[in-house]
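The values are calculated or read from the model by the stated rules, or taken from the named source; none is laboratory data. Values in this document were obtained by computation on a predicted structure and should not be read as measured data. Because the Cβ atoms are built from the backbone with ideal geometry, glycine has one as well, and the counts that use them run over all protein chains shown. Please note that ligands, DNA and RNA were not included when accessible areas were found on the heavy atoms of the full protein model with its side chains. Shrake-Rupley method; radii C 1.70, N 1.55, O 1.52, S 1.80 Å.
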Amino acid sequence: MNQSADLLKLAAAKSAVELVKDGMIVGLGTGSTATLAVNEIGARVKQGMRIIGVPTSERTAAQARSLGIKIVTLEEEPALDLTIDGADQVEQPTLNLIKGYGGALLREKIVASAGKRLVIIVDESKLAPKLWTDKGVPVEIVAFGWQSAALRIAKLGFKPVLRRTPDGEPFRTDGGNFIVDCEFDPSLSAAPAAEQLDHVVGVVEHGFFIGMTSEVHIAAAAGVRVLKG
Ligand code: A5P
């Protein structure tokens, strides 16, 4: 990642963290942009702000702990004020998303759904008029019988490929599941496709986030703008 892209991510993160107020319970996203927001929240906690965080991954939990942010589970705090997270792609004007290239999509979606607002932070390279990338959409599936689930996903028109670690082992999510990255035809509409994936046996969750975004903070060289859903 080049320095100017990092600066854009930081600008988006700072802009979103302005929404965090004393006493809030905040969902903490995962990924290189969300990490910067967690750092900003950590800085506020050091200055005395009382924030409780609900992390969307083990990585983010470790980061939050190291910054002195109090973290709890959804069992302890099932309703959040807001969640700040990154995204792999943001569709304009719907603000629908593709998420999960970092592998945390299930917990990200659960935490986002538990909050009043989902605030997304991106640099402008993530914007698109239609949800589609050549990496497709990540789909989290149960390891048991995963090949059958992959076949069912393929019958819907996707091309599922099992995500692997650099040493060739299947990638495991924090929940112990597998991910298949599913290329799809650019003409496919994400909302109905998401509904179809919801009904595939063996699918735990998919990376289409439809109708969930409250606002997006988009950083560009000219500054940060906010789109509201
Ligand atoms: C994690 O599973 C993802 O959904 C991330 O939120 C997404 O990949 C954005 O990550 P970056 O901010 O690193 O691009």
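Could you tell me whether any residue of the range 207-225 is surrounded by 15 or more Cβ atoms within 10 Å (Cβ to Cβ), away from the ligand (no atom under 16 Å from the Cβ) and not polar (S, T, N, Q)?
no
Across the range 174-200, what is the total count of residues that are buried (at least 16 other Cβ atoms within 10 Å of the Cβ) and under 17 Å from the mean Cα position of the chain (by Cα)?
Counting residues in the range 174-200 that are buried (at least 16 other Cβ atoms within 10 Å of the Cβ) and under 17 Å from the mean Cα position of the chain (by Cα) gives 9.
Pick out, from the range 1-99, the strands (runs of 3 or more DSSP E) lying fully within it that include 3 or more residues that are over 25 Å from LYS130 (Cβ atoms), open to solvent by less than 50 Å² (accessible area, probe 1.4 Å) and out of contact with any Cys (no Cβ under 7 Å at 6 or more places or on another chain).
25-28, 52-55, 80-85
Might you let me know whether the range 188-196 holds any residue that is aliphatic (A, V, I, L, M) and touching a helix residue (DSSP H, G or I) at 6+ places or on another chain (Cβ under 8 Å)?
There is no residue in the range 188-196 that is aliphatic (A, V, I, L, M) and touching a helix residue (DSSP H, G or I) at 6+ places or on another chain (Cβ under 8 Å).
Give the residues of the range 104-146 that are surrounded by fewer than 23 Cβ atoms within 10 Å (Cβ to Cβ) and part of a loop (DSSP other than H, G, I, E, B), sorted by residue number.
Of everything in the range 104-146, those that are surrounded by fewer than 23 Cβ atoms within 10 Å (Cβ to Cβ) and part of a loop (DSSP other than H, G, I, E, B) turn out to be ALA114, PRO129, LYS130, TRP132, THR133, ASP134, LYS135, GLY136, VAL142, ALA143, PHE144, GLY145.
Can you find, within the range 168-199, the residue that is farthest from ALA62 (Cα to Cα) among those that are touching a residue at least 60 places away in the same chain (Cβ under 8 Å) and of a type in the set (Val, Ile, Thr)?
ILE179
Could you list all residues from the range 28-49 that are over 11 Å from the mean Cα position of the chain (by Cα) and among the aliphatic types (A, V, I, L, M)?
Selection gives LEU36, ALA37, VAL38, ILE41, ALA43, VAL45, MET49.
What pairs can you find where one residue is in the range 73-96 and without any contact (Cβ under 8 Å) to a residue 40 or more places away in the chain, the other is surrounded by fewer than 23 Cβ atoms within 10 Å (Cβ to Cβ) and part of a loop (DSSP other than H, G, I, E, B), and their Cβ atoms are less than 7 Å apart, with a gap of 6+ or different chains?
Every condition considered, the pairs that remain are PRO78/ALA114.
Inside the range 150-173, can you point out the residues that are crowded, with 17+ Cβ neighbours inside 10 Å and within 23 Å of the chain's Cα centre (by Cα)?
Correct list: ALA150, ILE153, PHE158, PRO160, ARG163, THR173.
What's the total number of residues in the range 201-229 that are over 15 Å from LYS99 (Cα atoms) and either touching a residue at least 60 places away in the same chain (Cβ under 8 Å) or in contact with a strand residue (DSSP E or B) (Cβ under 6 Å, 6 or more places away or on another chain) (or both)?
Final tally of qualifying residues: 16.
Residues to consider are THR165, THR133; find the one that is closer than 14 Å to ILE98 by Cα and either among the basic types (Lys, Arg) or at pLDDT 95 or above (or both).
Residue meeting the stated conditions: THR133.
For the range 163-229, list the strands (runs of 3 or more DSSP E) that sit wholly inside it and hold at least 3 residues that are closer than 21 Å to LEU82 by Cα and not β-branched (Val, Ile, Thr); which are they?
In the range 163-229, the matching strands (runs of 3 or more DSSP E) lie at 215-220, 223-228.
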